[in-house]
Amino acid sequence: MIAGIGTDMIEVERVAEKIGKESGFRELVFSKNEIDYCEPKANKFEHYAARFAAKEAFLKALGTGWLNGTAFNEIEITHDENGKPMINLLGNTALVVASMNLVNFSVSLTHLKSIASAVVIIEK
């Protein structure tokens, strides 16, 4: 049963500016694995922006917004062996969301030179 659907869209340039200007922003928002994935990419800010949109879409799908004890960099966007994007929760965020009895998270990412978007579906 679907518990929530979230979507988000962001300008790639906005994410690039934040990463370039604000010391620590990248590490505050993205996990080490996400940084390791995005940095070698030719268009790395498109990949960062898509992950940012997915994190926002996930929080919207939860229907709660920010929860006490959660962190943006603990909502990690990974890929399976075929390249399908997946949501992996870490740390306190994993514990908080686990207490909500949610069983499946689906995520779709898309990005162009100037914009990135994501959709998340959460099931009970």
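The values are calculated or read from the model by the stated rules, or taken from the named source; none is laboratory data. It should be emphasised that the depicted structure is a prediction, and the values quoted were computed from it without experimental measurement. Positions of Cβ are generated from backbone atoms using ideal geometry, with glycine treated the same way; all protein chains shown enter the neighbour counts.
Here are the numbers for this structure:
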{"item": "Selection within region 94-120 - buried (at least 17 other Cβ atoms within 10 Å of the Cβ) and under 20 Å from Thr7 (Cβ atoms)", "result": "Val97, Phe105, Val107, Leu109, His111, Ile115, Ala116, Ser117, Ala118, Val119, Val120"}
{"item": "Set Asn88, Asn92, Asn101: member being touching a residue at least 12 places away in the same chain (Cβ under 8 Å) and in contact with a Gly (Cβ under 6 Å, 6 or more places away or on another chain)", "result": "Asn92"}
{"item": "Residue in region 17-33 that is under 16 Å from the mean Cα position of the chain (by Cα) and of a type in the set (S, T, N, Q) present", "result": "yes"}
{"item": "Residue check for Gly83: without any contact (Cβ under 8 Å) to a residue 12 or more places away in the chain, under 14 Å from the mean Cα position of the chain (by Cα) and over 15 Å from Val119 (Cα atoms)", "result": "no"}
{"item": "Residues within region 91-110 that are within 12 Å of the chain's Cα centre (by Cα) and modelled with pLDDT under 90, tallied", "result": "0"}
{"item": "Flag for Gly6 being in a loop (DSSP other than H, G, I, E, B) and among the small types (Gly, Ala, Ser)", "result": "no"}
{"item": "Selected residue [farther than 15 Å from Ile121 by Cβ and either modelled with pLDDT under 95 or of a type in the set (Ser, Thr, Tyr) (or both)] from Gly63, Gly20", "result": "Gly20"}
{"item": "Any hit, region 49-58, residues being exposed (fewer than 14 other Cβ atoms within 10 Å of the Cβ) and either under 12 Å from the mean Cα position of the chain (by Cα) or on the phi < 0 side of the Ramachandran plot (or both)", "result": "no"}
{"item": "Near pairs, Cβ below 8 angstrom, 6+ apart or cross-chain, from region 25-45 (part of a loop (DSSP other than H, G, I, E, B)) to any residue that is loosely packed, with under 11 Cβ neighbours inside 10 Å", "result": "Asn43/Lys113"}
{"item": "Region 85-106, residues that are hydrophobic (A, V, I, L, M, F, W, C), part of a strand (DSSP E or B) and out of contact with any Ser or Thr (no Cβ under 6 Å at 6 or more places or on another chain)", "result": "Ile87, Leu89, Phe105"}
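The rows are residues; the columns are (1) surrounded by fewer than 21 Cβ atoms within 10 Å (Cβ to Cβ); (2) among the aromatic types (Phe, Trp, Tyr).
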{"residue": "Tyr37", "(1), (2)": "yes, yes"}
{"residue": "Leu67", "(1), (2)": "yes, no"}
{"residue": "Glu76", "(1), (2)": "no, no"}
{"residue": "His79", "(1), (2)": "yes, no"}
